[in-house]
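Everything on this sheet refers to the single structure shown next.
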Amino acid sequence: MSDPLFARFGREYAPGEVLFREGEAGEVMFVIKEGAVRISKAVGGEDKVLAVLGPGEFLGEMAILNGKPRTATATVVEPTRALLIEARTLEQMVARNAEIAIRLIKKLAKRLDSADTLVEILMHKDPKARVMLALARHADAFGEPTADGVRVRTSAADIAREVGVGQDVADEVMARLRRLRLVTDEEGAVVVADVGRLQDFLEFLEMPQKFGGES
């Protein structure tokens, strides 16, 4: 079945294509129909992955809403089909459809919460806890529900860079979570079986510290 919206606004992208770069002026936003896009930011001379967005997510909206340069770089990581929405078109859509405006506000609020959560994670002293908290953050903010849990398009290497821990620490944590069947691997992603169980496990590990014992 043809998609008139995609026929009008859509475009296909190959892995490796850059939708926009940090510091550029922004004239359009993107709505992902299929595929995945990595959002990264240059920090201290290296790229840190902030999120990997999948179908139903949008990106690039802030630059056209506030008229400021792009704050991150967006790179396609798998074959992607996306809608390109210009600023004037977005304004018209929001003015004509209150549901679109509400969805946009909710999504922006959720991303603000996710950014606040990342700040809290970076302040955590335990590097292993930072890895688990980051995984939970990605699952909550950017995960895709599946029959087996929440699919997260990220890797141990990406999380390690994001929260400032060594690759070996992230690999160790992920291996432990696999043994506990809290996560399983998929090509280019991990599946968190139950985000609530993951958070409960983290709280259990932190209990000795809360009561003055050894971790």
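Read-outs throughout are calculated quantities, based only on the coordinates presented, and are distinct from any laboratory measurement. Please read all numbers here as calculations on a predicted model, not as lab measurements. Quick reminder, even Gly has a Cβ in these numbers, built from the backbone with ideal geometry, and neighbours come from all protein chains shown.
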Cα radius of gyration and Dmax for the range 4-96 (Å): 13.1, 44
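How do Met174, Met132, Met93, Met123 line up, fewest other C-beta atoms within 10 Å first?
Numbers: Met174 21, Met132 26, Met93 13, Met123 8.
With the sparsest Cβ surroundings first, the list reads Met123, Met93, Met174, Met132.
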Top positive-direction residue, dipole computed over the chain with Cβ charges, set Thr146, Gly23, Val131: Gly23
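Helix by helix, which DSSP H runs in the chain go 24 Å or more along their axis at the Cα atoms and have an average Kyte-Doolittle hydropathy of 0.0 or more?
Working: long enough: 98-123 (38 Å, 0.54).
Span-like helices, by this rule, are 98-123.
In the neighborhood of Thr80, defined by Cβ-to-Cβ distances under 13 Å, what is the net charge if each Lys or Arg adds +1 and each Asp or Glu adds -1?
So the environment of Thr80 carries a net charge of 0.
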Cα coordinate range in the chain, projected on the principal axes (Å, largest first): 59, 37, 34
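Once you have the alpha carbon radius of gyration of the range 62-156, what is it after dividing by 2.2 N^0.38 Å, with N set to its residue count? Don't skip to the answer; put the middle values down first.
Numbers: Rg = 16.4 Å, N = 95, 2.2 N^0.38 = 12.4 Å.
Working it through for the range 62-156, the quotient is 1.32.
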Square roots of 5 times each gyration tensor eigenvalue, C-alpha, the range 120-210, largest first, Å: 19, 15, 12
Highest-fluctuation residue, Ala109, Ala74, Ala87 considered, GNM on the chain with Cα pairs under 10 Å: Ala109
Protection proxy ranking, peptides 191-197, 62-68, average beta carbon neighbours within 10 Å, highest first: 191-197, 62-68
